[in-house]
1. Assess whether R138 counts as being out of contact with any strand residue (DSSP E or B) (no Cβ under 6 Å at 6 or more places or on another chain), surrounded by fewer than 15 Cβ atoms within 10 Å (Cβ to Cβ), more than 19 Å from G96 (Cα to Cα) and at pLDDT 90 or above.
2. I'm told S94 meets every condition in (1) under 18 Å from V37 (Cα atoms); (2) over 15 Å from the mean Cα position of the chain (by Cα); (3) buried (at least 20 other Cβ atoms within 10 Å of the Cβ); (4) not charged (D, E, K, R) except one. Can you identify the failing condition by its number?
3. Residue check: is A31 over 22 Å from Q110 (Cα atoms) and aliphatic (A, V, I, L, M)?
4. Take the conditions surrounded by fewer than 19 Cβ atoms within 10 Å (Cβ to Cβ), more than 17 Å from the chain's Cα centre (by Cα) and small (G, A, S) and apply them to A88. Does it pass?
5. With the requirement that a residue be farther than 27 Å from Q152 by Cβ, part of a loop (DSSP other than H, G, I, E, B) and either of a type in the set (K, R) or out of contact with any Ser or Thr (no Cβ under 8 Å at 6 or more places or on another chain) (or both), what does region 65-92 give you?
6. Quick check on region 1-55: of everything there that is of a type in the set (G, A, S) and touching a Phe, Trp or Tyr at 6+ places or on another chain (Cβ under 6 Å), which residue is farthest from K190 (Cα to Cα)?
7. Could you identify the single residue in V52, V77, V59, V99 that is within 25 Å of P5 (Cα to Cα), of a type in the set (A, V, I, L, M, F, W, C) and surrounded by fewer than 13 Cβ atoms within 10 Å (Cβ to Cβ)?
8. Can you find a residue that is without any contact (Cβ under 8 Å) to a residue 60 or more places away in the chain and touching a strand residue (DSSP E or B) at 6+ places or on another chain (Cβ under 6 Å) anywhere in region 9-18?
Amino acid sequence: MQHLPGNLFILSAPSGAGKSSLIHALLGKHADMKLSVSHTTRAPRAGEVDGVHYHFVSVEQFKALIAEDAFLEWAEVFGNFYGTSKRAIADQLSQGIDVFLDIDWQGARQIRPQVPGVISVFILPPSVVELERRLNQRGTDSAEVIAKRMQQARSEMSHADEYDYILINDQFQSCFEDFCHVVLAARLTKAKQQQKQQALLASLLAD
């Protein structure tokens, strides 16, 4: 994928680290930022809307899209397929929209070679004890499910060193401010400013 005006951000974190809260807090303040809507073969949950939360497709449709090389990344998770559309991402980036991908380290590995300048951020909890406390506090999972999530979390966190930025979500507001700084810095790079401010730069340098 060629260099485009918008920035593509990858966010990864173990369940309970607060990644979704950080993304939604940021998107609530910026109309020119979007969360990528993935394709999935799993059934919609109560309240989920097709095209808003996910693009819900059949297994046959998903496999056809794989054959067409339509995904930047895709994976099978617990028997269901999930994927990120190349066309949708390119369309948004070409409009100068910053797009955020909520994916794991395996998806990040698939995307990095394909998208020049992609920015990857890993969110860590302040401790394993705090992570487990947050998962228990949700009150939505059984002890068995939480134990599996904790085991998976250790595996995911071992890949944090593959990312451009590592943020520790101890105090939410402080972590959110750090996250905003990362996003702002990406928007102000020379390459992005040259793309977005071509007319201004030309006028400033005109005789």
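The values are calculated or read from the model by the stated rules, or taken from the named source; none is laboratory data. These numbers come from a predicted model, not from an experiment. Heads up, the Cβs are rebuilt from the backbone with ideal geometry, glycines too, and the neighbour counts pull from every protein chain shown.
1. Numbers: out of contact with any strand residue (DSSP E or B) (no Cβ under 6 Å at 6 or more places or on another chain): yes; surrounded by fewer than 15 Cβ atoms within 10 Å (Cβ to Cβ): yes; more than 19 Å from G96 (Cα to Cα): yes; at pLDDT 90 or above: no.
So R138 fails the test.
2. (3)
3. Details: over 22 Å from Q110 (Cα atoms): yes; aliphatic (A, V, I, L, M): yes.
Against the criterion (over 22 Å from Q110 (Cα atoms) and aliphatic (A, V, I, L, M)), A31 qualifies.
4. no
5. Step one: filter region 65-92 for residues farther than 27 Å from Q152 by Cβ, giving 67-70, 86-88, 90-92.
From the residues that got through so far, the ones that are part of a loop (DSSP other than H, G, I, E, B) too are 68-70.
If the condition is that a residue be farther than 27 Å from Q152 by Cβ, part of a loop (DSSP other than H, G, I, E, B) and either of a type in the set (K, R) or out of contact with any Ser or Thr (no Cβ under 8 Å at 6 or more places or on another chain) (or both), then E68, D69 are the ones that fit.
6. Pass one, region 1-55, residues of a type in the set (G, A, S): 6, 12-13, 15-18, 20-21, 25, 28, 31, 36, 38, 43, 46-47, 51.
Keeping just the survivors that are touching a Phe, Trp or Tyr at 6+ places or on another chain (Cβ under 6 Å) gives 12, 25, 38.
Values: S12: 26, A25: 27, S38: 30 Å.
This residue is S38.
7. Working: V77 fails: within 25 Å of P5 (Cα to Cα); V59 fails: within 25 Å of P5 (Cα to Cα); V99 fails: surrounded by fewer than 13 Cβ atoms within 10 Å (Cβ to Cβ).
So the residue among V52, V77, V59, V99 that is within 25 Å of P5 (Cα to Cα), of a type in the set (A, V, I, L, M, F, W, C) and surrounded by fewer than 13 Cβ atoms within 10 Å (Cβ to Cβ) is V52.
8. The first filter runs over region 9-18 and keeps only residues without any contact (Cβ under 8 Å) to a residue 60 or more places away in the chain, leaving none.
No, region 9-18 contains no residue that is without any contact (Cβ under 8 Å) to a residue 60 or more places away in the chain and touching a strand residue (DSSP E or B) at 6+ places or on another chain (Cβ under 6 Å).
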